Amino acid sequence: IHLGVRPFVCATCSMRFNQKVALQRHFEKKNHWNRIHPCGLCRARYNTSTELQSHLRESHQEEIKQREELRNYYRNLTMKQPIELMITKSSRTHVAGAPRNLNA
């Protein structure tokens, strides 16, 4: 039974809500947080993280895809490089701290 009780009050505009989550949603939507969700790719700022995610999908989809491809490329490169470097170094020179007669 709904009794019409709205115990949750916005401290900024005095609007009342029956659920805490509704008050939080109102607080974000009405710019009471001064758009605390900035876009890292442009100067846009949003009231909610959901609005920011929508903006990223709609406005920066190609940039995000390119950045992910670059990130994956460098991640794979750095994972392979130490192994190749170790193989070439160990076959040519002695690694400090390793036993010298290892290949003998």
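Every number in this text was worked out from the coordinates using simple rules, so none of it is lab data. Bear in mind that the values here come from a model prediction, so they are computed numbers and not experimental data. When we count neighbours, we look across all protein chains shown, and the Cβ atoms used for this are built from the backbone with ideal geometry, even at glycine.
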Farthest positive-ward along the range 8-81 dipole, Cα basis, beta-carbon charges - from 36, 17, 66: 17
At a Förster distance of 30 Å, what's the computed FRET efficiency of residue 19 paired with residue 74, Cβ-Cβ distance as r, to 0.05? 0.10
Can you tell me which of 9-17, 51-59 comes out highest on packing, and rank the rest after it, using the mean Cβ neighbours within 10 Å? 51-59, 9-17
Determine, from the Cβ-Cβ distance of residue 67 and residue 29 and an R0 of 22 Å, the FRET efficiency 1/(1 + (r/R0)^6), rounded to the nearest 0.05. 0.15
Here the net charge surrounding residue 69, from other residues whose Cβ is less than 13 Å away from its Cβ (Lys, Arg +1; Asp, Glu -1), is +1
Could you tally the net charge around residue 57, taking each other residue with its Cβ under 13 Å from the Cβ of residue 57, Lys/Arg +1 and Asp/Glu -1? -3
Evaluate Rg over Rh across the range 8-81, taking Cα atoms for both radii and Kirkwood's formula for Rh. 1.24
